[in-house]
Amino acid sequence: MIYLDFAAATPVHPKVLEVMLPYFSENFYNPSAPYLPAKHLRGEYEAKKSALAQTIGAKSPDLVITAGATESINLAFTVLENYTDAEALILSTEHASVRESARHYAKKVAEIAVDQTGLINLKDLAAKITEKTVLISVAITNNELGAIQPLSEIAEMIRKIREQRLAAGNLTPLYLHSDASQAASLLDLSVARLGVDLLTLNSAKVYGPKGIGALYISRGVRLQPISYGGGQEMGLRSGTENVPLLMGFAEASVRAKAHISASRKKYEKFNQLFRQILLEKSLITPKFLGNKKHQLANFCPVCFDGLDAERLIFKLEDRGILLSTGAACAASKGQKSHVLSAIGLTDSEITGSLRVTFGELNTEEQIREAASVIAEVVNQEAKRIGLVSGEVVLKESHDAELGQENSTVFSQNQEVAHE
């Protein structure tokens, strides 16, 4: 089996699991209990939470531990409850958790346009900010395209608008939230550099346990509780701390940050190889989505116009290749991707699109095999429905595109500088 859907889920790394195990059975105490073993556990918990915070250049009190990215995003949007008729702006390609949170908490929601590669239209953002806009939510990286957004530029725009509001006597705040679920393994998430007020983190995408996430909250930002009880997590998210999961989350995040450079290089190589083989062996030209200069190195979304991607993934599974057509939550409902619609793909192109994402389990041999099998299945389907006949190749500018792919030098360092 070759797994190529790491944007959907990552396995818990063995070292992460090793760190977690003692807290399930040996060191199982409630960290709020008064006896000594529990107090020792509290100290270990706080030390790990501090280590997690340090991966984004923050301190432990700046983080609220949640049950995952979706809960973190919901908590972030409660900032809107502090203001009358508060409005929100979200990127048109945001995950469903952002879209639904915005609809629930905001008086009015507007969507910011993106270009054909999924990058934000900054002019459209500036035009849609109103006097009542309180929250702008832009994921640093998209979960279907891997597009890396220029958060620092957005933050600078927000800073200038804040100054203009103050000069005009408008005391309505303007905050920037970003969902960093897909980014922690490949990008520097220093909150000072990014300029965010709220940042969502997700253990499930960094080879940590599922069911835990975090929200960075800049000092001075007021949120509302999403659960009530013992007052844990600054009263915003009550409930006994899940020590084993926090230990794993922190360990995975520290490990991910330490391996960013090596991971980029590995995935850049895989990405180039994968594209090259598809271009060489596919009888119809694959359309690679996004802008490689501003895209996570482990993302390779690809479209085979005229084919049915759902049929492809079932046939590929029979051949031992696991991938998806897009966001797992949307794909499971049979919904057309709003992300691919936002970048202007036709219905036929959306139907023929696959999301390929590489991860730590992959080897170069697997990438070669997977690309070859995908090309073979694509060719079989293209012949079956009459897109190609025998060895007749219906594809344009293959040589030119192949030459372009072979000459491409990926540079994620440029992406980080761009932000």
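The H on the amide N of residue 133, modeled in the peptide plane, is under 5 Å from the matching H of 87, each at least 5 residues off or on a different chain.
Looking only at 227, 25, 261, which one moves most when the chain is put into a Gaussian network model with springs between Cα atoms under 10 Å? So, out of 227, 25, 261, the one fluctuating most is 25. Comparing 386, 344, 231 in a Gaussian network model of the chain (Cα springs below 10 Å), the most mobile by mean-square fluctuation is 386. Among bridges DSSP assigns within the range 14-258, what percent are antiparallel (round to 5)? Around 40 percent antiparallel, to the nearest 5.
Each other residue within a Cβ distance under 11 Å of residue 380 adds +1 if Lys or Arg and -1 if Asp or Glu, for a net charge of +3. In terms of surrounding Cβ atoms within a 10 Å radius of their Cβ, 100, 131 rank from fewest to most as 131, 100. Summarising the amide proton neighbourhood of residue 2: residues at separation of 5 or more, or on other chains, whose placed amide H is nearer than 5 Å comprise 321, 322.
Taking a ≥ b ≥ c as the square roots of the eigenvalues of the Cα gyration tensor, the range 289-378 is classed as oblate, since a/c reaches at least 1.5 and a/b does not exceed b/c. Here's the picture: charge each Lys and Arg Cβ at +1 and each Asp and Glu Cβ at -1 in the chain, and of 30, 342, 119 the one pushed furthest to the positive end of that dipole is 30. State whether the chain is rounded, prolate or oblate according to the following rule on the C-alpha gyration tensor (a ≥ b ≥ c being the square roots of its eigenvalues): a/c under 1.5 gives rounded; otherwise a/b larger than b/c gives prolate, and the remaining case gives oblate. Judged from the Cα gyration tensor, the chain comes out oblate (a/c at least 1.5, b/c at or above a/b). Please label the shape of the range 5-75 as rounded, prolate or oblate, based on the square roots a ≥ b ≥ c of the eigenvalues of the alpha-carbon gyration tensor (a/c under 1.5 means rounded; beyond that, a/b larger than b/c means prolate, else oblate). Oblate shape, in that a/c is at least 1.5 and b/c is the bigger or equal ratio.
Near residue 128, once Lys and Arg are set to +1 and Asp and Glu to -1 for all other residues with Cβ below 11 Å from its Cβ, the sum equals -1.
A simple count of charges around residue 55, restricted to other residues whose Cβ falls under 14 Å of its Cβ and scoring Lys, Arg +1 and Asp, Glu -1, yields +4. Derived scalar couplings between HN and Hα for the range 32-40 equal 9, 5, x, 7, 4, x, 5, 5, 4 Hz in order, rounded to whole Hz, by the Karplus curve 6.51 cos²θ - 1.76 cosθ + 1.60 (θ = phi - 60°), x for Gly and Pro. Nearest 5 percent is fine: what portion of the DSSP beta bridges confined to the chain is antiparallel? Taking every DSSP beta bridge within the chain, about 50 percent pair in antiparallel fashion. Which of these, 208, 229, 195, has the largest mean-square fluctuation under a Gaussian network model of the chain (Cα springs below 10 Å)? Most flexible of the set in this elastic network: 229.
Bear in mind that the values in this text are calculations on the coordinates, not laboratory data. None of the values given here were measured: they were computed from a predicted structure. Positions of Cβ are generated from backbone atoms using ideal geometry, with glycine treated the same way; all protein chains shown enter the neighbour counts.
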